[in-house]
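The values are calculated or read from the model by the stated rules, or taken from the named source; none is laboratory data. These numbers come from a predicted model, not from an experiment. When we count neighbours, we look across all protein chains shown, and the Cβ atoms used for this are built from the backbone with ideal geometry, even at glycine.
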Amino acid sequence: MSVLVVGSVNADLTVRAERIPAPGETVLGGDATVSPGGKGANQAVAAALAGARVALCGAVGRDAFREAALRGLTRAGVDLGHLHTVDAPTGLALITVSPEGENAITVASGANAHVTPSHLPEGWGSFTHLLLQGELPPEVTRGAARRAHAAGLTVVLNAAPARDPDPDLLAHTGHLIVNEHEVAVLAGGAGEEAARSLLRRGPQTVTVTLGGEGSLTVTPEATHRLPAHPVAPVDTTGAGDTFCGVLVAWRSSGRPLPEALRAATVAAALACTRSGAQDAMPSLAEIGAILTGTR
């Protein structure tokens with residue numbers, strides 16, 4: 001089984017500081033680090049490390065940040081045959097991390113904003129799942145969902161960052177993944193009632209990630225509430241992307257939803273125990289050790 005990720009590719013410029021600056025405030029931080037990121041690339045790496053065969057469709061520039069942006073994808077063995085080079089800077093995320101592991105992120109989209117529907121693959125038959133986010137132009141994400149749905153793929157949408165609801169996109173989504181802020185934007189509420197209201201717009205499954213409170217998943221037949229796996233967080237950057245990638249990897253291998261949710265929950269927690277996004281993502285062996293109680 002194989003996963004196609006259509007999404008953003010960035011280099012992450014991260015600084016640890018004593019606190020996240022307030023508007024107008026300057027805060028001195030430690031040394032900056034440059035690492036691979038972007039929600040699309042992050043989720044592709046997480047899925048690949050969790051054992052899925054993964055391809056990525058997206059874009060980078062020809063600048064100095066290109067190599068850093070692609071390092072994690074290459075290391076994880078993600079197929080880059082659908083990656084495009086465009087005349088724009090590689091996407092860049094500026095990240096401040098507090099001592100508690102919380103972060104604030106500003107994204108310069110760069111090459112990601114230059115992806116068009118013409119960059120999408122011609123054939124979809126080798127894939128079973130399409131994983132999407134919200135960092136590419138909406139017409140690209142919407143077009144990918146339509147084509148994948150028509151080809152019989154399961155479309156998984158992580159609607160992040162939050163945007164106004166797109167009825168056409170939701171209608172072609174099989175599994176919608178959002179956090180507390182995003183579900184409020186899409187549904188105007190919180191909790192199970194808000195999640196179930198999104199089911200009526202097209203998805204067969206809706207998952208709301210709740211940070212330290214775990215996650216809530218609803219389907220027409222059932223409700224799944226999972227507590228977070230307990231860890232001492234170092235950096236929460238990329239935890240949500242880890243959850244999405246591992247969930248899709250597990251589902252693409254035919255595992256049932258509750259099992260996939262548990263694996264994703266464990267993986268997201270482990271990603272919080274190390275610094276960075278892709279650099280912090282756990283291996284299949286690490287996830288399995290927690291699930292089987294051998295760690």
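Considering the range 115-138 alone, what residues qualify as being surrounded by fewer than 18 Cβ atoms within 10 Å (Cβ to Cβ) and under 24 Å from residue 238 (Cβ atoms)? Selection gives 137, 138.
The set of residues in the range 257-295 being of a type in the set (D, E, K, R) and over 15 Å from the mean Cα position of the chain (by Cα) consists of 259, 262, 274, 286, 295. Take the conditions (1) without any contact (Cβ under 8 Å) to a residue 60 or more places away in the chain; (2) assigned to a helix (DSSP H, G or I); (3) basic (Lys, Arg); residue 225 misses just one of them, which is (2).
Could you list, in sequence order, all residues of the range 188-204 that are in a helix (DSSP H, G or I) and touching a residue at least 24 places away in the same chain (Cβ under 8 Å)? Listed by number, the residues that qualify are 191, 192, 198.
Whenever a residue of the range 7-18 is touching a residue at least 40 places away in the same chain (Cβ under 8 Å), its partners that are buried (at least 19 other Cβ atoms within 10 Å of the Cβ) and among the charged types (D, E, K, R), lying with C-beta atoms within less than 9 angstrom and at least six residues away or across chains, give the pairs 7/39; 7/135; 8/39; 8/135; 10/39; 10/135; 14/235; 16/235. On the given criteria, is residue 54 β-branched (Val, Ile, Thr) and surrounded by 19 or more Cβ atoms within 10 Å (Cβ to Cβ)? For residue 54, the condition - β-branched (Val, Ile, Thr) and surrounded by 19 or more Cβ atoms within 10 Å (Cβ to Cβ) - is met. Every condition in (1) touching a helix residue (DSSP H, G or I) at 6+ places or on another chain (Cβ under 9 Å); (2) buried (at least 20 other Cβ atoms within 10 Å of the Cβ); (3) on the phi < 0 side of the Ramachandran plot holds for residue 148 except the one numbered (1).
What do you reckon, is residue 270 closer than 30 Å to residue 30 by Cβ, at pLDDT 95 or above and in contact with a His (Cβ under 8 Å, 6 or more places away or on another chain)? When the stated conditions are applied, residue 270 passes them.
Of the residues making up the range 230-263, those that are touching a residue at least 40 places away in the same chain (Cβ under 8 Å) and either buried (at least 24 other Cβ atoms within 10 Å of the Cβ) or under 29 Å from residue 107 (Cα atoms) (or both) number 23.
Selection within the range 273-295: residues that are over 25 Å from residue 222 (Cβ atoms) and of a type in the set (Val, Ile, Thr). The member of this set that is modelled with the lowest pLDDT is 294. Does residue 220 satisfy the criteria of being without any contact (Cβ under 8 Å) to a residue 60 or more places away in the chain, touching a helix residue (DSSP H, G or I) at 6+ places or on another chain (Cβ under 9 Å) and either surrounded by fewer than 24 Cβ atoms within 10 Å (Cβ to Cβ) or not small (Gly, Ala, Ser) (or both)? So residue 220 passes the test.
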